[in-house]
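Worksheet: one structure, shown below.
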Amino acid sequence: MILGVAYYPEHWPEERWETDARLMREAGITRVRIGEFAWHRMEPKDGAFQFDWLKRAVELLGRHGIKTILGTPTPTYPAWLHMKHPDIHQVNSNGTIREFGMRQDACKNHPGYRDYARRIVTRLADALGKHPDVVAWQTDNEFGCHGTARCWCSYCRKAFQEWLRKRFSNDIRALNTAWGTFFWSQDYNSFDEIGVPRDTAGCAGNDGQNPALVLDFYRFSSDVQVEFQREQIKILRAKSPGRLITHNLMGAHRTVNYFHLAADIDVVSWDNYPFSSNGTNLPPNSMHHDLMRGCKQKNVWVMEQGSGQGGWGSYNATPQPGQMRLWAWQAVARGADMVSFFRWRSCRWGREQYWHGLLYHHGQPQRRYQEAKALGAELAALSKELDGTTVESQVGILFDYDSIWALETQPCAQGFDYIALCREYAQAFARLGVTADGVSLDSDLSRYDLLIAPSMHLITPEGAERLKAYVHNGGTLLLGPRSGVKDTEDAVVDALLPGLLREPAGCHVEDYDNFGMVKNLTMHVRDEDDRVWPARIMADVLVPEGKARTLLTYAGHYYAGKPAAVENPYGNGVCIYLGTLLDESGLRMLAERLLRRVHVSAISGLPECVEVVCRVKPGGTYTFYLNHSAHPVAVDLVRPGVDLISGKETTGKTEIAGFNLLIVKERG
Ligand code: GLA
Ligand code: ZN
């Protein structure tokens, strides 16, 4: 277990570095991430490189036992580069430019930017790549933040055309057919005619343009980020052998396919700001942890974790005493092997003056520093126990970018949001003490007894085969509403829904409705025991086929009495098609039912504010009980054992103080 911090030596006089390093060391911090925004400090003028200051910082920290994760500085391009290439900036969908002053805002398809980015990474790797104190690299910083994964400039237009040329094997007729361009006379005679989906009459880009074009543009935009990172990784692997490469992801993010991005790096890192945790409930970030862990189906690093109030203009609540520590332990519980705070010292200047660090602007250690220090000691003491442990989930939730993007353009019904559904499922499982990895169709699905597809809206033939094989081999699959509607190219399938998934689903859709639009209608579904549960937004009206049986029926509107959920035995497994959205109570019922079916033990009666997660290794099971409220709460321990935090034997009903936790190591 490693404690780290984001450090910006370039923000402070060099005489201060020693004090910083000493204070860090005293707090048990053994990693810093530095450099990711310091392009101008590294290359103040075109080709005039200066890495000495950085080397001095790395070595000074090294002398205090602190190793460096070095960031490539490409998110913030220097002003001189802008002068050289006045059109280096990204362009919005309405054609206006993204002015100098932010980050991630250089166009990644601008050849000048690409050349300079390659060069600074190469020179940085030459200067420090083999330094013994540099142990890892972070590529760039948060690809796609501030909505920058997508750019509508002329370089991107050209690159998009090339991307399409490849995708359709240079056959424009194939593209026309796939996209159905005869609609509104949009047929193209050549790839050069195709544009990026800028705003149209009356509509923002993704609302007015052909959805098939928009979907391919989203896929292309994500590929651009992945490709850009790949270029850096190639340089780093060649010039800095033996160092781990990571990137700091942003949790459940929409615009970059994180499974693709993660495939090229050694460790997934991510930036965790659980500020909306209100101190009474589970913080809503368990889904992020679970998805980040699911990206490579491995443990992760938290590269940035909120360590003070965050905000650019106004800031949010300060983490209450104990909360920073609790969030750090939550991260560990859910699969992190490093927790690194953002940032060391609140910066006196710049847009992030109010995005606070462990120290306030004055740099004197106060409460949050002391809390980090206590955590540092605790992590060090428990490392031996916890190193090598992992989270073994038996449940997976599909985070399917094609479906997310298809629904982003056409959500079908207001409020139908794929990622929001993922969160609801993740929360439902978290409340039952069950972790669920966020995974893709290409992940190893055979690990999971239960797989949730909140809506398999767009499904390719290969994807359908994977899901069929999963169920066939004994898996239990839940398919949400509006599944199987779109094909690979975003056309609506020419088949009874759910199209390619009809066979495993054992039903077809007779009708579908957005009942959320019907005035004064409240909808329910009824289960076999005649209990009713609220239903939300939409309804796929189902017709069971073959051996399928009905689990839920609609209890309202013109389809009252018709199936709302159907269960179908398929091969050695089972597929359940749920045609509507449930509320929290309904999801809990469903989750409990599904878990029972796959023999995964759920914990009922957990207090609202308590999160329970396990990490295991051969010969050791460690159950974390995290109390996210400010007040003490009693829990029934699943199993007796020794609480590693207090060192005491624990069994049965046990009290956990406010913002505190138990880590119960099972005997034996
Ligand atoms: C992100 C970035 C950091 C910082 C914080 C706070 O996570 O990676 O550089 O900007 O947000 O805004
Ligand atoms: Zn561009």
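List of remarks:
- Within a straight-line Cα-Cα reach of under 13 Å, K384 can be paired with the following aspartates and glutamates, leaving aside sequence neighbours fewer than 8 residues apart in one chain: D337.
- Whole-angstrom gap from the stretch 237-274 to the stretch 311-343, using each part's C-alpha centre: 19 Å
- Nearby lysines by direct alpha-carbon distance to K67 (threshold 16 angstrom, same-chain neighbours under 8 apart not counted): K55, K130
- Loop-resident sites, the stretch 433-528, for GluC sites (Glu not before Pro), counting at most 10 other Cβ within 10 Å (DSSP): E528
- Net charge in the neighbourhood of H524 (other residues with Cβ under 15 Å of its Cβ; Lys, Arg +1, Asp, Glu -1) is -3.
- Note on D192 and R119: the extension gain reaches 23.2 nm, defined as 0.36 nm multiplied by sequence separation minus the Cα-Cα distance.
- Placing a pseudo-label 7 Å from each Cα along the Cα-to-Cβ vector at S185 and N316 gives an inter-label distance of 5.0 nm.
- Environment charge at A436 (Cβ cut-off 12 Å; Lys +1, Arg +1, Asp -1, Glu -1): 0
- Over the chain, DSSP H runs of length four or greater, each weighted -39,500 (n - 2.57), average out per residue to a 222 nm ellipticity of -9500 deg cm²/dmol.
- Which of C156, C507, C614 has the fewest Cβ neighbours within 10 Å, and the rest in rising order: C614, C156, C507
- Average projected area [Cα convex hull, the stretch 542-610], square nanometres: 6.0 nm²
- Of the peptides 535-541, 590-596, 602-608, the ranking by mean beta-carbon count within 10 Å, highest at the top, reads 535-541, 590-596, 602-608.
- Loop sites by DSSP among the chymotrypsin sites (Phe, Trp or Tyr not before Pro) of the chain, restricted to those with at most 10 other Cβ atoms within 10 angstrom, leave 350-668 as the longest stretch without any of them.
- For the stretch 65-91 versus the stretch 520-599, the gap between their alpha-carbon centres in whole angstrom: 51 Å
- Over the stretch 395-597, the alpha carbon radius of gyration divided by the compact-protein estimate 2.2 N^0.38 Å works out to 0.92.
- The chain: relative contact order in percent, alpha carbon pairs under 8 Å with at least 6 residues between: 11 percent
- Rounded FRET efficiency, nearest 0.05, which uses the C-beta distance separating R597 from S646 and R0 of 45 Å: 0.75
- Average projection, convex hull of the Cα set of the stretch 610-666: 3.4 square nanometres.
- Pairwise label distance in nanometres, V638 with C203, each label 7 Å out on the Cα-Cβ vector: 4.8 nm
- Residue-span extension gain [N176 to E15] - 0.36 nm each, minus C-alpha spacing: 51.6 nm
- The Cβ shell under 10 Å around T409 holds other residues with a net charge of -3, Lys and Arg each +1, Asp and Glu each -1.
- Straight-line cross-link partners of K166 among the lysines, defined as a Cα under 21 Å from its Cα and at least 8 positions apart when in the same chain: K108, K158.
- Gap separating the Cα centres of the stretch 639-664 and the stretch 394-421, nearest whole Å: 38 Å
- Beta bridges per DSSP, both residues in the chain: antiparallel share near 55 percent.
- Available extension along the chain between E666 and R348 is 109.7 nm, counting 0.36 nm per residue and deducting the alpha carbon span.
- Rounded FRET efficiency, nearest 0.05, which uses the C-beta distance separating T96 from Q364 and R0 of 56 Å: 0.80
- Vicinal HN-Hα couplings computed from phi for the stretch 373-384 (Karplus, 6.51 cos²θ - 1.76 cosθ + 1.60; Hz; Gly/Pro x): 5, 4, 5, x, 5, 5, 4, 4, 5, 9, 4, 4
- Cross-link pairs beyond the 24 Å C-alpha cut-off, checked among K234/K617; K234/K298; K296/K617: K234/K617
- Rounded to 5, percent antiparallel among DSSP beta bridges of the stretch 395-597: 65 percent
- Fraction of alpha-carbon pairs over 37 Å apart in the chain - percent: 41 percent
Bear in mind these aren't lab numbers, they're just calculated from the coordinates by the rules spelled out. Bear in mind that the values here come from a model prediction, so they are computed numbers and not experimental data. In this analysis, Cβ positions are derived from the backbone assuming ideal geometry, glycine residues included, and neighbour counts consider all displayed protein chains.
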